[in-house]
1. Here are R185, R136: which of them is basic (K, R), free of Cβ contacts under 8 Å to residues at least 60 places away in the same chain and farther than 19 Å from I227 by Cβ?
2. Of N533, N467, N481, which residue is free of Cβ contacts under 8 Å to residues at least 12 places away in the same chain and among the polar types (S, T, N, Q)?
3. Among the residues that make up the range 50-69, is at least one of them within 18 Å of I164 (Cβ to Cβ) and either out of contact with any His (no Cβ under 7 Å at 6 or more places or on another chain) or part of a helix (DSSP H, G or I) (or both)?
4. Suppose we keep only residues that are in contact with a Ser or Thr (Cβ under 8 Å, 6 or more places away or on another chain) and of a type in the set (G, A, S) within the range 473-518. Which one would you say is farthest from ligand 1 (Cβ to nearest atom)?
5. How many residues does the range 32-84 contain that are closer than 22 Å to A121 by Cα and among the charged types (D, E, K, R)?
6. Restricting the first residue to the range 153-168 and requiring it to be on the phi > 0 side of the Ramachandran plot, which pairs with a second residue that is of a type in the set (K, R) and crowded, with 24+ Cβ neighbours inside 10 Å meet a Cβ separation below 9 Å and a spacing of at least six or different chains?
7. Considering every residue within the range 398-416, establish whether at least one is closer than 25 Å to G46 by Cα and away from ligand 1 (no atom under 16 Å from the Cβ).
8. Please pick out the residue among V40, V30 that is under 28 Å from I383 (Cβ atoms) and either buried (at least 20 other Cβ atoms within 10 Å of the Cβ) or touching a Lys or Arg at 6+ places or on another chain (Cβ under 6 Å) (or both).
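The values are calculated or read from the model by the stated rules, or taken from the named source; none is laboratory data. Everything numeric in this text was worked out from a predicted model, so none of it was measured. Virtual Cβ from ideal backbone geometry, glycine too; neighbours counted across all protein chains shown.
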Amino acid sequence: MAKLTGAAIMARALKDQGVEYMFGIVGVPVEPIANEVQKVGIKFYGCRNEQTATYAAGAVGYLTGRPGAALVVSGPGVVHGLAGLSNAKENCWPMVLIGGASPVKQNAMGAFQEERQVLIATPFCKFAHAVELPERIPFYVEMAVRTSIYGRPGACYLDMPDDIILGEAEEDAVQFPTRCAEPPRMAAPEEYIQQALDLLESAQRPLVIVGKGMAWSRAEDEVRAFIERTQLPFLASPMGKGVVDDNHPLSVGAARSLALQEADVIVLMGARLNWMLHFGSVPRFNKNVRIVQLDISPESISQNLPTEVALVGDGKAIVGQMNKALEDRQWFYPKEAPWHSAIAEKSSANAKQVQTMIEDDSAPSNYFRAFRDISPWIPDDAIIISEGAKTMDIGRTQMPNKYARQRLDAGTYGAMGLGMGFVLAAAAVHPDRPIVSVSGDSAIGFSGMEMETVCRFKMPVKIIVLNNGGIGSGVEALPDNPLEALPAHLTVAARYDKMMEAFGGKGFFVTDPKDLKAALDAAMAFDGPALVNVQLHHAAGKKPQQFNWYT
Ligand code: ADP
Ligand code: MG
């Protein structure tokens, strides 16, 4: 009778469960798994750092609806992989991390790279378990895949000891569960839908907040229909951008602070009142605000602010219910409401504030001037990756998204160094779409070596580095003694473009904004990976904010 190795069983089980992409770094003991997954048609992307691999796996989960897989070696490999595991947990993205482990028979003996991996992965996971027999691998894989996408999505971890990977089982003794179905779409009780609409009808200054939970649930058609039917102003979270077109006339993106401060009824859809929404607290929110909250996770209801109407379940299903219920109502939010004009006034005042920076052609460029050329150059259907402090913050307002799941950024965890992982994920999932990453110079440094990876896989991604020579602000010139530089300062005008060229891609270095457009066009025309390194003025900043983003 035929025998299967643990590695072969793992590959087949992953394929059966709809896992199509794996990112990782091979070595003892996981290399056989990587070899076997390629044989069953799972695409394996060898990375240069386990952080990137796990960041990529989470992003694949978000983009595709099925978890991405990451494969890392034992001990330090798993430790490095915790970066993307924690990021997936915080962002509610499905992924499965597979960690090699030292052989069971050497447990507690001081084996090579022996580590208590299930223990250290557990805080970041919905499910973390060691596999103890080759024939049980498919059970654990189905469990991990299903757990990662059912309910609030998240990360799972499977520990694969050396002797399980190399171990064998009789083919007949292994049961492969069928592919777990797509997550059930739970609806809300009809009376709660009516209560939510009643509350909205009573509002003076209503606001809909659209988070990335709605992007994940693929509710874009329903949300757009809801906004257009009700004529309610909406605010997208950073990755909720594009669920409804950022350029939609009802978007309040350009008057975010005012909209949050003054709204008296907020419908929170697939977003959390965490630091990104200032915990829903005064003075960023109206102290009498009333909340309708739509979320798949009942534990999230009323977090930080009491929810008046809780719509627990799937975003697409529940907004669909609301649209249906609206068919029996005449009501919509009046176009001539003073709230609309207050938002419009504030939006144009805010736009005026940055206009001088947008129009400032002096060299080196400022952020807004750079985005003046970058934004219209980005194709409508591109996946936009964004990381860095000011680069990301300013890019959030200056780079509009037209479609859902079109923006990947530092997200809930505020991590840096994940951009190249997201670039890999986006290029793997969408080989037919342009992939554009706009990164700060500090951010690109974390995983810049993955430029070798994108070149090796011939991914025609376009990376822009907004290079101010520092974390936050840069410096005009470093002092002779580098120990006297501020901790935030980096090399002035570092040539990240040459890194890209070193691996076979194309690099451009722009010191005067008048040359930016031509460099961008040449990068886009190049049939391969390209990096446009844009030198910014060391003191380039953003417009003065009334409140700090994170306070
Ligand atoms: P953002 O950063 O965009 O504000 P968050 O990550 O804070 O978004 O919140 C996303 C929310 O979406 C989470 O609370 C999560 O439970 C919820 N969510 C996840 N999947 C679904 C779904 N299918 N339907 C509704 N809500 C969902
Ligand atoms: Mg910088």
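1. R136
2. On inspection, the qualifying residue turns out to be N481.
3. Yes.
4. The selected residue is A493.
5. Qualifying residue count, the range 32-84: 3.
6. Filtered contacts from the range 153-168: no entries.
7. Yes, some residue in the range 398-416 is closer than 25 Å to G46 by Cα and away from ligand 1 (no atom under 16 Å from the Cβ).
8. V40
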